[in-house]
Amino acid sequence: LTASTTVTSNINLEFKNAGKITLGAYNLTINSIPIAPPARQIFNQNSTGTVLGLGYVNPLWFGVLQDWNGTTGTDNATALAAAFNAVAAGGKLEFPPVINKGISYSSNVAFDPHLAILEGNHNVLKYTGNGTAMTIAGDAQIIKNLTLIGNTTPGDIGFYHPNANTAIIENVQVFGGFTTAWKMSGPNHGVLIHCGVDYNQSVTANDILTVA
């Protein structure tokens with residue numbers, strides 16, 4: 001890009017072959033859903049520019065690699081943050097299904113949009129950093145079908161909801177040494193459906209309903 005750009009809802013961007021947009025220092029707001037292969041990077045955020053406004057986001061479009069093999073993998077922290085930041089209010093972020101691989105990253109990522117859905121499709125996220133692995137900062141969000149594995153650093157938090165009013169979490173597993181699997185603060189109402197945590201992890205919230 002040579003300037004910040006907005007793509008209106010009546011225009012669909014279609015990416016073919018090795019087509020990719022490099023943002024540089026400019027923002028790209030897209031009010032439609034790109035047409036692109038599910039397993040290829042189409043956005044190169046090589047500087048301060050960001051992609052915004054997407055109603056549907058595939059993290060692989062931002063360079064996320066599903067290559068964690070249980071021991072090592074690419075650090076996807078920057079690419080994950082870019083993908084999460086691109087989701088519009090009411091939108092959906094969806095990880096493509098993968099077998100016997102995961103996604104590793106080293107620093108906290110935040111999923112902020114109001115009324116948004118995070119669909120994991122049974123992906124495994126391996127957090128290699130310290131502190132909180134993921135902040136769920138919006139409200140009325142749905143998080144589904146995801147496994148989060150942490151380190152063994154005391155005090156680490158898996159998922160942190162600092163101010164979400166309502167969160168529905170379904171089939172989400174938190175393992176691997178977090179002190180607190182889920183932490184919800186503020187006027188929260190959390191619903192955990194078919195979720196699991198390690199035996200030595202806690203779940204903290206003002207009002208939480210667990211459905212086996």
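Descriptive notes on the structure:
- Under 5 Å, built H, 5+ apart or other chain: amide partners of Thr135: Val109, Ala110, Phe111, Tyr160
- Of all accessible heavy-atom area on the chain, the percent that carbon and sulfur account for (1.4 Å): 54 percent
- Residue-span extension gain [Ile168 to Thr29] - 0.36 nm each, minus C-alpha spacing: 47.2 nm
- Among residues other than Arg40 with Cβ under 11 Å from its Cβ, the summed charge is +2 (Lys and Arg +1, Asp and Glu -1).
- Residue of Asn123, Asn85, Asn27 that the Gaussian network model of the chain assigns the largest fluctuation, springs spanning Cα pairs under 10 Å: Asn27
- Hz values of 3J(HN,Hα) by residue in the stretch 119-124 - Karplus curve (6.51, -1.76, 1.60), Gly and Pro given as x: 9, x, 6, 6, 6, 10
- For Thr5 and Arg40, the difference between the fully extended length at 0.36 nm per residue and the C-alpha to C-alpha distance is 10.4 nm.
- Under 5 Å, built H, 5+ apart or other chain: amide partners of Lys92: Tyr56, Val57, Ile117
- GNM result for the chain, Cα springs below 10 Å: residue of Ala140, Ala82, Ala181 fluctuating most strongly: Ala140
- Counting Lys and Arg as +1 and Asp and Glu as -1 over every other residue whose Cβ lies under 14 Å from the Cβ of Lys144, the net charge comes to -2.
- Residue-averaged 222 nm ellipticity for the chain, from DSSP H runs of 4+ at -39500 (n - 2.57), nearest 500: -1000 deg cm²/dmol
- Of His161, His194, His122, the one that fluctuates the most in a GNM where the chain has Cα springs shorter than 10 Å: His194
- Pairwise inverse Cα distances across the chain, averaged and inverted, put the Kirkwood hydrodynamic radius at 17.5 Å.
- Karplus-based coupling profile of the stretch 12-24, in residue order and whole Hz: 10, 7, 10, 9, 10, 6, 9, x, 8, 9, 9, 7, x, with θ = phi - 60° in 6.51 cos²θ - 1.76 cosθ + 1.60 and x standing for Gly or Pro.
- Fully extended contour minus Cα-Cα distance, from Leu52 to Asp112, at 0.36 nm per residue: 20.4 nm
- Heavy atoms of the protein chains alone define the surface here; on that basis the chain has 44 Å² accessible area per residue at 1.4 Å probe size.
The values are calculated or read from the model by the stated rules, or taken from the named source; none is laboratory data. Quick caveat: nothing in here was measured; it's all calculated off a predicted structure. Cβ: placed from backbone, ideal geometry, glycine included. Neighbour counts: every protein chain shown. Heads up: the accessible areas ignore ligands, DNA and RNA and are worked out on the full protein's heavy atoms, side chains in. Shrake-Rupley method; radii C 1.70, N 1.55, O 1.52, S 1.80 Å.
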